[in-house]
Amino acid sequence: MAPDQFHDLFKAWQKRLRRGSHRVRPPSHAPAAFVTAHAACPSSPPAICSSRRRVGAPSAAGRRIAPRTVLPAGVHWDRHGSEAQRACEPAVRRLAGTQRAAARKAPEVEEAVPPASATVVIRAGSATYPFTLASGQLGRIGTWREAVGNARTVAVITSRPVAALFPGALRAIAETGARRVVLEVPDGEDAKTLQVVGRCYQALAQARFTRSDLVVALGGGTVTDLAGFVASTWKRGARLVHAPTTLLALVDAAVGGKTGINLSSGKNLAGTFYQPERVLADDTVLTSLPVRELRSGLAEVIKCGFIADPAILDLLPDPARAQAQRYLRLIELSVRAKAQLLADDVTDRGLRRHLNYGHTAGQAIETASGFTLRHGEAVALGMVYAARLCELLTAARGVTADTQDALHRVGLPTRLQAAVSFEQMWDLMQQDKKVSPGRPSFVLSPRRGTATLACMPQREIARAAFDDVLRPERR
């Protein structure tokens, strides 16, 4: 309430006092500060004033009248309340000032929002967006209200299992006031097909979805890849927000703007570079993940340790035990490492290519296995393969053992169990999107925290590396 309104309300109250109603109370519509002023200032009589009895003096029945207000020294109640008004005005002014200050310091919110555990600003070329890591934020209306902005429709691309695990996020999106459209897609790599993309387009068309509306990717890496592709191609670019729900998506798929769709001839062969407006990372999603999924995500974390920040490798947790604070730190360090590499290289032409460490062979193995291997498991095998190639192509030593040790610590595989042959892997590597004139480019890490690029020299060396570290052991 403005000070002048506060004063007018006070004057109206004084008029009622002048009419002799000494038991008057503040109006029912008075603000809390005004009611406090009524209790704290000497503008109401301390006792029944018709007898002018002194406060605390005995009544005719011998009872003492309990004082309602203690007046400041030298101030007496008079019928017109002039002295009381003058004595009360400083208190009223103080309370009004307090009210204004409180309003400035504490804007109206519907819910208390805790500070973020970590925020990393991602700079990708001309795009800048926040990666905000905060516990419980996916279920907060305030989080989504800020993310939705002026969008009239929010299309949530998710899978049925994820939707069942995070109903609070879907409910909070609906309560922002925007129209919510949920697009359920298959779970896992089955979502990343042109058929699913076509169904998403049809749903957006039926919803009359515009470029100023919002696509939300609520899910793991496959949903993030799919939703990013759909948003980037719908009317040449709709708004996009990532809400990753797996460790792999938190540290890899949701950051950097890569989107991808699988074709029958290979993984992620159709794709775009398209940055989200923000990434809403919630560490509480980790509690919903099975151990195998946590291990898969840790492969991308380990990758960042070998190519950028070796401190990551000293913090590796036991996936079978809850270690929330350690995961928080690992997520932050991994995202910061990735952000530094893509700041000046959005489209994989320079340093950002280091992030492909373990992926050239890894994605080939993942495809050849019929996607029975998790992405992180295949990347782990790809890193072992790249480590052995590094030893064969350079003077580096101990790289393979170091890589295997880090992967063993979190329970990731270091040797093929699936029936994948060298010929299958080699043929798929030839179709890798990172290939250069007939030879796939490999990222090598000769020592922790460093990376370099090399081309595959000869098929014989590639086979030797496969036989040394990946070929399944005969039983």
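Between D405, D468, which is touching a residue at least 24 places away in the same chain (Cβ under 8 Å) and acidic (D, E)?
D468
Let me spell it out: the conditions are (1) at pLDDT 95 or above; (2) surrounded by fewer than 20 Cβ atoms within 10 Å (Cβ to Cβ), and A386 meets all of them except one. Which number is the exception?
(2)
Considering the stretch 114-143 alone, what residues qualify as being closer than 15 Å to L250 by Cβ and among the hydrophobic types (A, V, I, L, M, F, W, C)?
Scanning the stretch 114-143 gives A116, A118, V120, I122, F131, L133, A134, L138.
Please specify each residue of the stretch 135-144 satisfying the condition of being part of a loop (DSSP other than H, G, I, E, B) and buried (at least 19 other Cβ atoms within 10 Å of the Cβ).
Scanning the stretch 135-144 gives a single hit, R140.
Considering only the stretch 145-161, state which residues are touching an Asp or Glu at 6+ places or on another chain (Cβ under 8 Å) and either in a helix (DSSP H, G or I) or of a type in the set (K, R) (or both).
To start, the set of residues in the stretch 145-161 that are touching an Asp or Glu at 6+ places or on another chain (Cβ under 8 Å) comprises 147, 151-155, 158-161.
Once the filter is applied, which keeps residues that are touching an Asp or Glu at 6+ places or on another chain (Cβ under 8 Å) and either in a helix (DSSP H, G or I) or of a type in the set (K, R) (or both), the stretch 145-161 yields A147, R152, R160, P161.
Residues to consider are G221, G228; find the one that is buried (at least 20 other Cβ atoms within 10 Å of the Cβ), over 23 Å from G142 (Cα atoms), touching a Phe, Trp or Tyr at 6+ places or on another chain (Cβ under 6 Å) and in contact (Cβ under 8 Å) with a residue 12 or more places away in the chain.
Working: G221 fails: touching a Phe, Trp or Tyr at 6+ places or on another chain (Cβ under 6 Å).
Unique residue meeting the criteria: G228.
Scan the stretch 391-404 for residues that are closer than 19 Å to E300 by Cα, buried (at least 19 other Cβ atoms within 10 Å of the Cβ) and not β-branched (V, I, T) and report the count. Give the steps one after another, and end with the answer.
Kept after step one, since they are closer than 19 Å to E300 by Cα, are these residues of the stretch 391-404: 399-404.
Keeping just the survivors that are buried (at least 19 other Cβ atoms within 10 Å of the Cβ) gives 399-400, 403-404.
Next, only the ones that are not β-branched (V, I, T) stay: 404.
Of the residues in the stretch 391-404, 1 are closer than 19 Å to E300 by Cα, buried (at least 19 other Cβ atoms within 10 Å of the Cβ) and not β-branched (V, I, T).
R329 versus (1) assigned by TED's automatic domain parsing to the domain that holds A164; (2) of a type in the set (K, R); (3) out of contact with any Phe, Trp or Tyr (no Cβ under 8 Å at 6 or more places or on another chain): which is the lone unmet condition?
That leaves (1) as the condition not met.
Can you list residue pairs whose Cβ atoms sit under 8 Å apart, with the first residue in the stretch 148-164 being under 20 Å from L226 (Cβ atoms) and free of Cβ contacts under 8 Å to residues at least 60 places away in the same chain and the second being of a type in the set (A, V, I, L, M) and surrounded by 15 or more Cβ atoms within 10 Å (Cβ to Cβ)? Count only pairs 6 or more apart in sequence or on different chains.
Matching pairs, first to second residue: A163/L170; A163/V182; A163/L218.
The values are calculated or read from the model by the stated rules, or taken from the named source; none is laboratory data. Everything numeric in this text was worked out from a predicted model, so none of it was measured. Every residue, glycine among them, receives a Cβ derived from its backbone with ideal geometry; neighbour counts consider all protein chains shown.
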